[in-house]
Amino acid sequence: MDQFLITGRSRIAGEVSISGAKNAALPLLAAMILAETPTTLRNVPSLQDVRTLIKLISGMGIDVQKEGNTVTCDTSSIANYFAPYELVKTMRASILVLGPLLARFGEAEVSLPGGCAIGSRPVDQHLKAFAALGAHITVENGYVKAKAPKGGRLIGCEFTFDMVTVGGTENVIIAATLAKGTTVLENCAREPEVVDLANMLVAMGAKISGIGTSIMTIEGVDSLKGCDYSVVADRIETGSYLAGALMTGGDVLTKNTNPNLLHPVLKKFEEMGAIITTGDDWIRAQMHGRPKPVDIRTQPHPGFPTDMQAQLMAVCCLADGTSTIIENIFENRYMHVPELKRLGANIKVDGHTAIIRGVDSFNSAPVMATDLRASMSLVMAAAAAEGQSVIDRIYHIDRGYENVEEKLRGLGVTIERINPNKPHKP
Ligand code: UD1
C-alpha cells in the first residue's frame, strides 16, 4: 500500500489549478444514464471514485469512455440495470445510479452501500422518496430492488426530506425528471454540486425550478437528450490548498475556481487572519504569523461544509488560542483527531464538539489517513511539521484529490509516494 513521505517545515506558497469537483462529477456521471442521445462531460477529475462509477455504469453495458478529463457516454447499448455489491461497497455514491435507472427503465437493482468510516450513513431518505414517486421498493439480501408502477413510469408527488441530504436530493431530482406529472421536493440540499446537477439536467431538457433553494419543482418530461457540460470547480479542493497557506504563513493562489462557492470558508479564513483576495475564477490567501482561533459548526450549505472540517481543524491546531468545532452532519467524523495528536496537536473531543488548544508547531510522526478529507488535514499538518512524517493508507486521498503530489510540489511541499514493500530511493 502506498504511503506519503513528507519532509516538513514547508511554507505552502504558489499557484495551483483546481480540478472539477468530485462530488459534482459523480451525480453528473450517474445522470448521463437518463439521456437517449450521447452526452459529453468535461472537466471530470481523474480520481479513483470517478473510475469506480465509470466501471459501474460500463457494467450495465453502457458505452462510457474517459479521455483525459472528458467523459463521453452512449446509453443505447444498455443491457442490465444492476449495480453489484463489489463496486458499491467501495463507494457510497454508487447509490446515485438507482434514480436514473428507475426513472428511465422502470427498474433497478442496486446493492446497499453499507456502513462507512464516518458514520452509518443510511439511504432511507432516497428510498422513502422513490416510494413516494410510486416505486415499489424491497430490500433483499443486501440489494435494493426498485420497480416503477404499472406503465413503467414514476409518478410526480410532493415530498419533504426529513433531513437535508445531498445524495438524497440528487437521486430524487434525477428520478423526478422523467416522472409523469409534477414533483415538489421540500427541504432540499442547496450545495453547489446539487445546483450543478440541476443545471445539467436542464441542459438535457428537464424542467426544474427553484434550483439552489430548498424547494425544487420538477415537471416530468417524456425523454431527455444528451448534452455537453462541464463540471463545476471543486470548492473543497480549493479550500484545502488555501488552508495550507494559513497553516504555514504561506501565500496560495487557486486558479480555475469560483469564490462564490466558498463564502463560509473564506469568511473563517479571514477571521483567522488571512488576507483573502478574489477574482472571477481565482482566490488568493496570504497569511502572516499564527492563525487566530475560531469557532466553527458544520452545517448544510450555505453553512460551513463538513468536508472542510478536518482541514480547518489542522489550522486551528496551530492557532494562537483555543478554537471550538461542532460537527453537526456526521456522527463519527473526528477520526483524524488521534492522528493530529500524534503530530503534537492538543485536542479534546466531547461528543460532537472538539476543543482545540493551539500549539506552536507540529512534530513529525507516522500517521494514518482515516478518510478522504481527513487525509488532506494530515498531509498539510505533516508539511508544516518539523522533520519527516510518513502517512499511511493514502488511497483515501487518491479517491478525491487529483494529481495531489504534483500540486503540492508546485506549492513547495517536499512529498514523495513510497511503497514500504519496495526499496525506497532517497
Ligand atoms: C455528500 C458528499 C460528502 C459530504 C456530504 C455532506 C458526495 C459524493 N458526498 O455525501 O462528501 O460530506 O454530502 O455535505 O457528494 N442521511 C440519512 N439518510 C439518508 C441520507 C442521509 O440519515 O437517506 C444522513 C447521513 O447519515 C448524514 C447526513 O444525512 O448524517 C448528510 O448526508 P448526505 O448529505 O446524504 O451525504 P452524502 O450525500 O452521502
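What follows draws every value from the coordinates through simple rules; no lab data is involved. Owing to the predicted nature of the structure, the values given are computational and were not obtained by experimental measurement. Cβ coordinates were reconstructed from backbone atoms using ideal geometry, including for glycine residues, and neighbour counts include every protein chain displayed.
The residue that is surrounded by the fewest Cβ atoms within 10 Å (Cβ to Cβ), among those in segment 322-348 that are under 15 Å from residue 377 (Cα atoms) and within 16 Å of the ligand (Cβ to nearest atom), is 335.
When segment 180-203 is limited to residues that are over 21 Å from residue 232 (Cα atoms) and crowded, with 24+ Cβ neighbours inside 10 Å, the one that is nearest to the chain's Cα centre (by Cα) turns out to be 185.
Hey, could you check segment 221-247 for residues that are acidic (Asp, Glu) and closer than 30 Å to residue 178 by Cα and say which is farthest from the ligand (Cβ to nearest atom)? Per the stated criteria, the residue is 222. Does residue 14 satisfy the condition of being outside any loop (DSSP other than H, G, I, E, B), on the phi > 0 side of the Ramachandran plot and in contact (Cβ under 8 Å) with a residue 12 or more places away in the chain? For residue 14, the condition - outside any loop (DSSP other than H, G, I, E, B), on the phi > 0 side of the Ramachandran plot and in contact (Cβ under 8 Å) with a residue 12 or more places away in the chain - is met. Would you point out the residue of segment 59-85, among those that are closer than 16 Å to residue 48 by Cα and either in contact with a strand residue (DSSP E or B) (Cβ under 7 Å, 6 or more places away or on another chain) or in contact (Cβ under 8 Å) with a residue 24 or more places away in the chain (or both), that is surrounded by the fewest Cβ atoms within 10 Å (Cβ to Cβ)? My answer is 65.
Filtered by the rule that a residue be assigned to a helix (DSSP H, G or I), within 16 Å of the ligand (Cβ to nearest atom) and either farther than 12 Å from residue 110 by Cβ or within 17 Å of the chain's Cα centre (by Cα) (or both), segment 69-96 gives 88, 92, 93, 94, 95, 96. Which residues, counting only those in segment 133-190, are more than 16 Å from the ligand (Cβ to nearest atom), of a type in the set (D, E, K, R) and assigned to a strand (DSSP E or B)? Listed by number, the residues that qualify are 140, 145, 147, 158, 180.
Report yes if residue 104 is outside any loop (DSSP other than H, G, I, E, B), free of Cβ contacts under 8 Å to residues at least 24 places away in the same chain and more than 13 Å from the ligand (Cβ to nearest atom), otherwise no. No. Within segment 349-365, being surrounded by 20 or more Cβ atoms within 10 Å (Cβ to Cβ) and either within 16 Å of the ligand (Cβ to nearest atom) or over 11 Å from residue 385 (Cβ atoms) (or both) holds for 354, 356.
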